[in-house]
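Single-structure report; data block below.
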């Protein structure tokens, strides 16, 4: 078969949003994935595709199934399919990049990527004081298991209350504000306006988990239903993980699609997938508000696809927190009017942990089919902007699918700083956030550079420092750091 005939095409997409008020009637995640895969086969024109599956890959979720793709394969009659499990920390773009590469290289003819969650179902059982019934599967071993190469968090981040994603992204958000010279109030409104736009898109998305449009004020201002978590983020800035959602993507080669009679109007072509799997904890990044991985990956993806940012009509920027979107917009050169999402993003459309990009690509494929001259860009993030994935899609043929890992180049282009877990004395603040519980602020976390050039991370208590951090710009100020405490010097 010629190289052109082996080019990968996405021929079927399916998504499921389960809104079952009675948890005893709600399905588990693998059953939702199977439903989504059946829908993808229907979308491709026939469920005969399911029996032809060579491979099924799934990303790890909140569940404990040891080989969820095997449960899906058994449910849909894909008895011969090999299975793969991508552990947390593997980019979601990796799954469909490997699917496409397997087709190009002749290792497979039909490949599915599936993912899903049923955390809302579990919560309903738990709220009722009942044990959550789940299918027991612990001894099945996937044919392949993909794992990240390193840890996402630095030990000092864990020791200083900076282990939760919302806290690290709040630091990135505040560092970006300081770098761009925004006032605290103007910045909070700007961030909330972005998220309000996301909520409006979700309101028009029938698959979205939350379809209530929210105002800037409802997102920005804390209240009983919107408690502060890490300044400037309140609850409504966060991803919505407590969902029952699943998605499936069905890929084959151009030759196989043509032979099966799938019309070309149904084909969506992955033009390029470029990733950086270089991993650097936030505490070691010299510039807290920058992400060279997206700059390098984006540039290379456009080169491989022979597209440009101006060619991209549809965007789905990974939206775990506002800082992720805002940094991507700047690094990818995609600061433009409008909302950078077709779905409404992870806070409103639903962010089922390690599956959002799959959910979003269902919508992306539908939009591209409706406007076949358009192109789309979807991104993925792992960790705290730790790893980056950029994918470009179109119905129009291009130069052929291209995939690369630019991690080595990103490592060379990323400036680092040495971390001193015991930094003491005078230091200059480079990033900060204030942490909250229901009773109010608990810690002010500072990332600060000492006189010897090393960076310290300290989670200090005390209302004076917390009040200062939410009322004036602390980035660039001097602070005196002691054991578990910090005091502004001016």
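The values are calculated or read from the model by the stated rules, or taken from the named source; none is laboratory data. Keep in mind that this is a model prediction, so the values were computed, not measured. When we count neighbours, we look across all protein chains shown, and the Cβ atoms used for this are built from the backbone with ideal geometry, even at glycine.
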* Structure fact -> residue 140 fails exactly one of (1) under 30 Å from residue 446 (Cβ atoms); (2) surrounded by fewer than 19 Cβ atoms within 10 Å (Cβ to Cβ); (3) at pLDDT below 95, namely (1)
* Quick one: residue 72 ticks every box in (1) within 27 Å of residue 121 (Cβ to Cβ); (2) under 21 Å from the mean Cα position of the chain (by Cα) bar one, so which box is it? -> (2)
* Looking at 256, 300, 269, which one is over 30 Å from residue 171 (Cα atoms) and either in contact with a strand residue (DSSP E or B) (Cβ under 6 Å, 6 or more places away or on another chain) or part of a strand (DSSP E or B) (or both)? -> 269
* Please note which strands (runs of 3 or more DSSP E) are completely contained in the stretch 392-490 and include at least 3 residues that are at pLDDT 95 or above and not assigned by TED's automatic domain parsing to the domain that holds residue 305. => 425-437, 440-450, 455-460, 478-482
* Would you mind listing the strands (runs of 3 or more DSSP E) fully within the stretch 28-131 where at least 3 residues are outside the structural domain of residue 18 (by TED's automatic domain parsing)? => none
* To do: All but one of (1) more than 13 Å from residue 246 (Cα to Cα); (2) out of contact with any helix residue (DSSP H, G or I) (no Cβ under 7 Å at 6 or more places or on another chain) hold for residue 39, so report the exception by its number.
  => (1)
* **Residues located in the stretch 197-219, provided they are part of a helix (DSSP H, G or I) and under 13 Å from residue 343 (Cα atoms)** => 197, 198, 199, 200, 201, 202, 203
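When you look at residue 92, is it in contact with a helix residue (DSSP H, G or I) (Cβ under 7 Å, 6 or more places away or on another chain) and at pLDDT 95 or above, yes or no? Explain how you work it out, then say what you get.
Working: in contact with a helix residue (DSSP H, G or I) (Cβ under 7 Å, 6 or more places away or on another chain): yes; at pLDDT 95 or above: yes.
So residue 92 fits the description; yes.
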* Quick one: which of 368, 288 is more than 18 Å from the chain's Cα centre (by Cα), surrounded by 21 or more Cβ atoms within 10 Å (Cβ to Cβ) and more than 22 Å from residue 402 (Cα to Cα)? -> 288
